[in-house]
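> The structure is given below, and queries will be raised subsequently.
Every read-out reported here was derived from the displayed coordinates using simple, explicitly stated rules and does not represent laboratory data. Note that the coordinates shown come from a computational prediction; the quantities given were computed from them, not determined experimentally. Here the Cβ positions follow ideal geometry from the backbone for every residue, glycine too, while neighbour counts run over all protein chains shown.
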Amino acid sequence: MKRLLIYMIIVIILFFLIPIIFTSRFEKIEQVIANKNYGEGIVDGSYDYGKYEKIKLLHSDTGKIESVNIDEYLYNVVSAEMPVDYEIEALKAQATVARTYTLYKIINSSKHKNADICDDSGCCQAWISKGERYKAWKTDKDKKWEKIKEAVDSTKGKIITYKGKVINAFFHSNSGGKTERPLYVWGGEGYPYLQSVETSGEDTYKQYSSEVSLKKDEFIEKMKKEYKDFKIDFNDKDCIKIISYTEGDRIKQIKIGNKTLSGVEVRKIFELRSANFSIDIGKNNIKFIVKGYGHGVGLSQTGSNTLAKQGKNYIEIIKHFYSGVDVQNASY
Ligand SMILES: [Zn+2]
């Protein structure tokens, strides 16, 4: 009888305990996935934009780390990333994107050991000192700087979120007409707000079209640098053949001689402006005809200016390039 009572107590305890153990475990797993994909929540009070104030900026040429006010840092970023003669709403979109990008880096652990972000556009985000920027501008320097400040100040504290979490706000120069899903650039899923979207008017910018022409032996040399066993017979009409395209109209797979490559790999080998290209095989030369500039993921800067010219405000521009997002205040 006593034994039965003990069994019953154990069963009752387990009945209550098991769901608790499993629920908290699953919650933890879900939390990890959520953090990995979208960044931790910062609109729920866990990130205080107003109190944070300073970020640690690494100057890549000197290795010096500077503690700088986030909005002042953004003046230097916006003036480095976007031409000042772009529409104010495009500059405001850029400021909001740059702020979001910076906060995402801080929250999701920076690439740098003792700094939040660096000033190298190839690594983190472009940055130019006010002095250097003034040197590059020929006229109306103060007026231009005021316009940059207005873009940052009028969007102070505004960040882009997806389901309440700060997004990884990728951006690029020119989409070539259609943006790209990150899956085709870096692999991996997990960014539902980064879809392929179309923007008209991208072709009116100088960043839209470019060409790279190489002599056939130069072409072979560059391929052999990457693949020692590379072979190609230019007499074969299918020696270079595009196999498939991505949703963003870029090259997904291409056969070059005895190799099958992704468009992103070809872009890297031949230093093309984008993976949206066609190839012309001439008598002596191979010519890449390229559309767009950059990886093509997220906001297009020239596309933003086009939308601003059509009367769209910065929130509408952001919502065009990032699917299902909100623009809201980081908590103060
Ligand atoms: Zn960096």
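> Quick check: residue separation of Ser278 and Asp326 times 0.36 nm, minus the Cα distance between them. What number comes out in nm?
Stretched fully, the Ser278-Asp326 segment lengthens by 13.6 nm.
> Shifting gears a bit: If you plug each phi of the range 134-145 into the Karplus form 6.51 cos²θ - 1.76 cosθ + 1.60 with θ = phi - 60°, what whole-Hz ³J(HN,Hα) values come out, in order, with x for Gly and Pro?
Whole-Hz 3J(HN,Hα) from phi for the range 134-145: 4, 5, 6, 7, 8, 10, 6, 4, 5, 5, 5, 5.
> Please give every one of the aspartates and glutamates within straight-line cross-link reach of Lys163, meaning a C-alpha to C-alpha distance under 12 Å, and leave out same-chain neighbours fewer than 8 residues apart.
Qualifying aspartates and glutamates at Cα under 12 Å: Glu40, Asp44, Asp326.
> If R0 is 25 Å, what FRET efficiency do you get for Lys287 and Asp233 from their C-beta distance, rounded to 0.05?
0.85
> What aspartates and glutamates could a cross-link reach from Lys309, if we take a straight Cα to Cα line under 13 Å and drop same-chain neighbours fewer than 8 places away?
Cα-Cα hits under 13 Å: Asp85, Glu87, Glu89, Glu202.
> Express in whole angstrom the spacing between the alpha-carbon centres of the range 144-200 and the range 76-120.
10 Å
> Mind jotting down a quarter of the surface of the convex hull over the alpha carbons of the range 209-291, in square nanometres, one decimal?
Average of the hull's projected areas for the range 209-291 equals 4.8 nm².
> On a 31 Å Cα-Cα criterion, which of the cross-link pairs Lys215/Lys259; Lys113/Lys156; Lys149/Lys287; Lys64/Lys319; Lys54/Lys144; Lys135/Lys156 come out too long?
Beyond 31 Å: Lys149/Lys287; Lys64/Lys319.
> Can you tell me which aspartates and glutamates have their Cα less than 19 Å from the Cα of Lys225? Leave out same-chain residues fewer than eight positions away.
Asp217, Asp233, Glu265, Glu271
> Ok, one more. What is the local net charge at Glu221, summed over the other residues whose Cβ is closer than 14 Å to its Cβ (Lys, Arg +1; Asp, Glu -1)?
Overall, the nearby charge balance is +3.
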